[in-house]
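A quick write-up on the structure given underneath.
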Amino acid sequence: MAKRAADLIVEALEDYGVERVWCVPGESYLALLDALHDTGKIETIPCRHESGAGFMAVAEAKLTRMPAVYMVSRGPGATNGSIALHVAEQDAAPVVHIIGQVARHERGKGSWQEIDYQDFFGSIAKGVWEITQAQDIVPVMAEAFETAMAGTPGPVVISVPEDMLKDATAGTPRPLELKPPAAPDAATVAQVAELIAKAERPVLMAGGSLRAPGGAEALAAAAEAHQIPVAAMWKHQDLFDNGSPLYAGHLGFGTPADHIALLSQADLIVAVGTRLGDVGTQNYRLPKSPEPEQTLVHVHEDEAMIGKNFRTDVAVAADPAAFMKMLAEQPATVPTSRSDWVGEVNGFISNFTAFTPRQTDDGVDYGRVVDAFARLSADDAIVLTDAGNFSSWVHRYWKMTPENTLIGAIAGAMGIGVPASVAASYLNPERQTVVVVGDGGTLMTGQELATAMHIGSKPKIVISNNGIYGTIRLHQEKFYPKRISATDLTNPDFCKWAESFGAKAFRISSDDEVDEVVRQVLDHNEGPVVLEVMSSKESLSAFTTLSKLSG
């Protein structure tokens with residue numbers, strides 16, 4: 001049989017190191033599914049919803065820092081899967097989204113399930129291509145993968161008309177031309193070291209680009225050498241030892257005003273590997289936009305991110321991990337007054353992250369459960385968070401180190417938790433994978449528990465069942481007190497729900513059960529396990545309670 005366009009696409013995926021594709025099958029790319037049948041290098045994993053497939057690809061991209069692929073059918077499949085594109089853009093995850101398209105003779109006619117994907121995805125994808133001729137496959141596939149990895153990583157979209165996939169071709173994939181980030185300039189590194197030496201109250205803000213090999217080690221070495229406190233940006237607290245006297249906390253949603261006020265006393269901010277987005281900068285207050293109150297050094301591999309929202313004193317468009325390694329090797333002069341600053345920051349963080357359980361009469365304090373997992377899980381556990389107030393206990397009390405891996409949606413998308421945990425456990429079967437998720441997020445994408453059963457993934461899914469959309473209730477009580485609207489939920493029995501998939505299920509209904517049941521969950525390694533926590537509404541967040549909000 002002559003080689004088809006579909007076969008050439010699969011050859012390109014093989015050459016680019018793709019080991020699996022997450023998908024929901026569709027008739028618009030049947031030929032591509034057929035071509036995948038013959039590959040011995042790529043596993044085709046059927047998921048139960050396109051958003052789940054996309055979230056699994058996002059998780060894989062975050063774990064591997066390499067392009068991950070998910071495939072969906074035209075129209076409804078693409079719109080269902082679009083949430084993962086937005087997450088990948090916000091989270092700087094290199095994701096390749098391949099979409100079946102209507103046949104070429106149907107394009108532009110308003111045909112059944114037709115969408116113009118350039119119009120639809122143009123504002124969130126780094127690039128959108130529609131391959132209308134088999135001869136374009138070679139350049140498009142290479143450019144798409146290169147674009148996903150260039151500068152700030154992100155998502156790309158490749159649309160493949162169903163009839164084009166059957167066209168004959170003699171093409172062969174071309175190798176990728178990936179440009180590594182620029183090397184730091186030695187003189188600039190020395191300049192930054194001098195600024196740190198002169199500062200009395202410096203802060204280093206560490207972001208996701210330091211997840212590159214050697215990044216966390218270089219961060220720790222530089223912080224120790226120059227005695228500079230390290231604040232982890234949103235969803236990146238695993239980059240630095242949270243038990244270190246130099247840990248300056250996690251900057252995300254819910255960061256209390258006194259924490260922000262303390263770090264705002266800094267006279268130097270060194271932001272490394274972060275785009276300085278709105279969440280980590282506390283809505284552009286730390287540093288202040290557009291004119292920071294501190295001297296600002298910004299190190300990022302993507303020059304376009306530097307100076308975008310802040311006046312920058314020292315701009316370093318270079319490899320953040322290499323920069324930190326060179327900084328660690330610079331001669332360090334630490335002023336004697338620095339110890340007072342380090343001690344003040346450490347004293348605040350030590351008190352702030354010391355867990356104190358709450359006594360509640362309307363359910364289990366979910367913080368106790370997170371504290372138990374933090375104490376009892378393996379040192380190298382993969383920790384995932386869905387979007388919601390329940391994740392605040394993870395960020396405040398789970399003292400992570402770079403041995404851990406933290407995965408959450410910087411974009412704040414509900415529903416990432418369960419599918420991302422399925423992918424994380426599947427890619428790392430030797431590690432414990434624990435995901436905290438709410439009752440709301442569970443019923444958005446929890447059907448991917450079926451995918452876990454299908455592929456032998458073993459995530460530990462910890463559901464906070466408090467019967468409300470907790471984050472929205474928090475905002476309602478804050479801005480519209482005692483006017484509850486659309487946030488009460490009716491839930492299933494999540495244990496029976498989990499068992500119907502064939503998963504092991506546990507429940508915690510009282511505080512005194514917490515440690516014993518958490519140990520049982522962690523000890524279960526024969527498949528997925530779901531823990532339903534009958535959580536308190538009153539103990540809504542690690543930072544506040546319902547009664548405090550409602551007055």
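The values are calculated or read from the model by the stated rules, or taken from the named source; none is laboratory data. No experiment lies behind these values; they were computed from the predicted model shown. So basically every Cβ, Gly included, is an ideal-geometry build from the backbone, and we count neighbours across all protein chains shown.
Points worth noting:
- In summary, Asp512 fulfils each of the numbered conditions (1) closer than 27 Å to Arg396 by Cβ; (2) surrounded by 19 or more Cβ atoms within 10 Å (Cβ to Cβ) with the single exception of condition (2).
- Pairs with Cβ under 7 Å, 6+ apart, first in segment 488-500 and assigned by TED's automatic domain parsing to the domain that holds Ser536, second among the hydroxyl-bearing types (Ser, Thr, Tyr) and in a loop (DSSP other than H, G, I, E, B): Leu489/Tyr469
- Among residues of segment 405-422 being crowded, with 24+ Cβ neighbours inside 10 Å and of a type outside the set (A, V, I, L, M, F, W, C), the one that is modelled with the lowest pLDDT is Gly408.
- Every residue from segment 94-142 that is without any contact (Cβ under 8 Å) to a residue 24 or more places away in the chain and either of a type in the set (S, T, N, Q) or surrounded by 18 or more Cβ atoms within 10 Å (Cβ to Cβ) (or both): Ser111, Gln118, Ser123, Val140
- Condition broken by Glu200, with the remaining ones in (1) in a helix (DSSP H, G or I); (2) touching a Phe, Trp or Tyr at 6+ places or on another chain (Cβ under 8 Å); (3) charged (D, E, K, R); (4) within 23 Å of Thr312 (Cβ to Cβ) satisfied: (1)
- Boolean, Ser244 is polar (S, T, N, Q), within 24 Å of the chain's Cα centre (by Cα) and closer than 16 Å to Phe323 by Cβ: no
- Residue count for segment 468-487, restricted to those that are touching a residue at least 24 places away in the same chain (Cβ under 8 Å), surrounded by fewer than 16 Cβ atoms within 10 Å (Cβ to Cβ) and not in a helix (DSSP H, G or I): 2
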